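Here's the structure we're looking at; comments come further down.
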């Protein structure tokens, strides 16, 4: 069995795709590759959000109160709010299948901001684009729920 080096897996991740190889190497040195078995908990709702995770292979589910809120696939990420503020996790995240994730601790991200501001800015632009798309999807879903509620209210009269 051939094992792909972390740098190579990171180069393929969309969040880091615009970086030069030497910049990817600095990100690789700042974090750690973690392996999870199916069903294994990655982060716990209410715990301190001290790292961001990149899904390098496999998939994870984001769950709250035993409901699946999202499934994140290879190439996606979670825990990005640790870049903005130290806050508690808002959901559980579990491996939906055997998965490799790359964990970037907050303190390492802050150090990268100081050492590699250009690379960090490229990552932030990509991150904001993804978050914008997630917000757009959520807004569409909420609008649909509102329309359904209006229809139901009208049909009950």
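Taken together, the values in this text are just the output of simple stated rules run on the coordinates, not laboratory data. Predicted, not measured: the structure shown is a model, and the values here were computed from it. Cβ: placed from backbone, ideal geometry, glycine included. Neighbour counts: every protein chain shown.
Once you have the Cα-Cα distance between residue 84 and residue 20, take 0.36 nm times their residue separation minus that, and quote the gain in nm to one decimal.
20.6 nm
So how much slack lies between residue 115 and residue 69, counting 0.36 nm per residue of separation and subtracting their Cα-Cα distance, in nm? Could you put the intermediate results ahead of the total?
Numbers: separation 46, 0.36 × 46 = 16.56 nm, distance 3.56 nm.
Roughly 13.0 nm would be gained on extension.
By how many degrees, 0 to 90 and rounded to 10, does the Cα axis of helix 106-115 deviate from the longest principal axis of the chain?
For helix 106-115, the angle is close to 60 degrees.
As a test of the formula, what do you get for the chain when each DSSP H run with n ≥ 4 contributes -39,500 (n - 2.57) and the sum is divided by the residue count, at 222 nm and rounded to the nearest 500 deg cm²/dmol? Intermediate results must be reported in sequence, preceding the final value.
Working: 4 runs with 66 residues, N = 157.
Result for the chain, helices only: -14000 deg cm²/dmol.
Seen from all sides and averaged, what is the projected area of the convex hull of the Cα atoms in the chain, in nm²? Intermediate results must be reported in sequence, preceding the final value.
On the way: hull surface 44.2 nm².
Mean shadow area of the hull around the Cα atoms is 11.1 nm².
Under 17 Å from the 7 Å Cα→Cβ point of residue 12, by amide nitrogen: which residues of segment 64-95?
Residues 73-77 fall inside that zone.
Based only on other Cβ atoms within 10 Å, what is the fewest-to-most ordering of 81, 141?
Values: 81 15, 141 10.
By the 10 Å Cβ count, ascending: 141, 81.
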